[in-house]
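Worksheet: one structure, shown below.
The values are calculated or read from the model by the stated rules, or taken from the named source; none is laboratory data. Here the structure is a predicted model, which means the values were calculated and not measured. Cβ coordinates were reconstructed from backbone atoms using ideal geometry, including for glycine residues, and neighbour counts include every protein chain displayed.
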Amino acid sequence: MPDPSPWLEKAGDRHPEPAGVVLVAHGGKSHSTAPARRGLALLRMLPFAHSLERGGRAHRTEVGSGVAVHLLRYRLKGWNGPAMDAYRDAEWAVHELARRYPGRPVVLVGHSMGARAVLRAAGAPGVVAVCGLAPWLEGSDPVDQLAGRSVLIAHGDRERMTDPAASYAYALRARSVTDRVARFDVLGDGHAMLRRAGDWTSLVRRFALGELGAEPRDPVIANAMAEPAPAGLRVALEGVDR
């Protein structure tokens with residue numbers, strides 16, 4: 001059988017000539033060469049994807065209208081050590097989006113393994129911002145590719161799968177290459193992002209659409225980026241009604 005290939009799944013309405021683009025990447029396993037399926041990890045990211053597409057429909061620029069949102073479908077379930085399969089797929093996806101929508105700004109959003117993948121892929125041309133939710137990170141993950149990008153990280157304080165201390169250390173290192181880094185503590189929630197699902201979704205929408213210019217940049221996020229460490233990297237995410 002031929003090797004599987006990654007592909008992109010459209011979320012919401014089509015926007016053949018969009019003003020901006022978002023890539024959404026779901027979580028996975030540290031080690032697995034089983035073919036990726038349309039499972040719970042991907043389904044968990046659908047509310048984020050659809051919120052972004054709906055929120056960006058009114059966005060208009062001289063090059064297009066709306067925000068095209070695509071979910072990354074991996075070849076394999078796992079990261080798989082030095083193979084970094086999820087990152088390779090994210091790298092392919094960013095370049096594929098640049099081919100489909102030349103000149104459009106791109107925001108990357110990922111959860112867990114997907115967050116690790118998109119943070120590493122953020123150095124590609126056209127990427128303006130990247131958002132990591134409950135990211136799986138290690139001390140070896142690079143930050144140089146984040147130069148010139150806006151970075152948002154959020155982690156629950158009831159996390160049992162990935163390490164909030166590692167995401168704080170990563171955000172601190174990221175501030176050495178970009179002055180637009182914020183990190184939020186989502187109090188009372190864990191890896192699945194279900195207890196405060198609306199707050200997670202709102203945070204991602206405000207960040208991504210603000211960076212694309214589809215709505216004004218959110219003052220809470222802007223204030224966190226302006227705060228020196230540790231304050232701007234340990235911001236308690238307030239509940240919102242949006």
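In the stretch 103-124, is there at least one residue being among the aliphatic types (A, V, I, L, M), on the phi > 0 side of the Ramachandran plot, touching a Gly at 6+ places or on another chain (Cβ under 9 Å) and surrounded by 24 or more Cβ atoms within 10 Å (Cβ to Cβ)?
Initially, the stretch 103-124 is screened for residues among the aliphatic types (A, V, I, L, M), giving 106-109, 113, 115, 117-119, 121-122, 124.
In the following step, the residues that additionally are on the phi > 0 side of the Ramachandran plot were identified as none.
Among the residues of the stretch 103-124, not one is among the aliphatic types (A, V, I, L, M), on the phi > 0 side of the Ramachandran plot, touching a Gly at 6+ places or on another chain (Cβ under 9 Å) and surrounded by 24 or more Cβ atoms within 10 Å (Cβ to Cβ), which makes the answer no.
Each row is one residue, and each column tells you yes or no for (1) among the aromatic types (Phe, Trp, Tyr); (2) at pLDDT 95 or above; (3) surrounded by fewer than 22 Cβ atoms within 10 Å (Cβ to Cβ).
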{"position": "2", "(1), (2), (3)": "no, no, yes"}
{"position": "18", "(1), (2), (3)": "no, yes, no"}
{"position": "22", "(1), (2), (3)": "no, yes, no"}
{"position": "26", "(1), (2), (3)": "no, yes, no"}
{"position": "37", "(1), (2), (3)": "no, no, yes"}
{"position": "44", "(1), (2), (3)": "no, yes, yes"}
{"position": "75", "(1), (2), (3)": "no, yes, yes"}
{"position": "84", "(1), (2), (3)": "no, yes, yes"}
{"position": "90", "(1), (2), (3)": "no, yes, no"}
Task: Tally, over the stretch 204-222, of residues that are out of contact with any helix residue (DSSP H, G or I) (no Cβ under 8 Å at 6 or more places or on another chain) and either of a type in the set (S, T, N, Q) or closer than 15 Å to residue 132 by Cα (or both) - done: 1
Task: Scan of the stretch 205-227 for residues that are crowded, with 18+ Cβ neighbours inside 10 Å and farther than 21 Å from residue 61 by Cβ, ordered by number - done: 221, 224, 225
TODO: Output the number of the condition that residue 205 fails; it satisfies all remaining conditions of (1) touching a Gly at 6+ places or on another chain (Cβ under 6 Å); (2) part of a loop (DSSP other than H, G, I, E, B); (3) closer than 20 Å to residue 52 by Cα.
DONE: (2)
Task: Meets criteria (assigned to a loop (DSSP other than H, G, I, E, B), at pLDDT 95 or above and not β-branched (Val, Ile, Thr)) for residue 57 - done: yes
- [ ] Specify the residue that is surrounded by the fewest Cβ atoms within 10 Å (Cβ to Cβ); the eligible residues are those in the stretch 136-156 that are more than 12 Å from residue 182 (Cα to Cα) and among the polar types (S, T, N, Q).
- [x] 140
TODO: Search the stretch 167-186 for residues being of a type in the set (Gly, Ala, Ser) and either in contact (Cβ under 8 Å) with a residue 40 or more places away in the chain or part of a helix (DSSP H, G or I) (or both), and hand back the single one that is surrounded by the most Cβ atoms within 10 Å (Cβ to Cβ).
DONE: 174
TODO: Please give the number of the condition residue 43 fails out of (1) without any contact (Cβ under 8 Å) to a residue 24 or more places away in the chain; (2) more than 17 Å from the chain's Cα centre (by Cα).
DONE: (2)
TODO: Can you tell me which residue among 189, 199 is touching a Gly at 6+ places or on another chain (Cβ under 9 Å), part of a loop (DSSP other than H, G, I, E, B) and either among the acidic types (Asp, Glu) or crowded, with 19+ Cβ neighbours inside 10 Å (or both)?
DONE: 189
- [ ] Any chance you could count how many residues in the stretch 131-145 are hydroxyl-bearing (Ser, Thr, Tyr) and under 10 Å from the mean Cα position of the chain (by Cα)?
- [x] 0
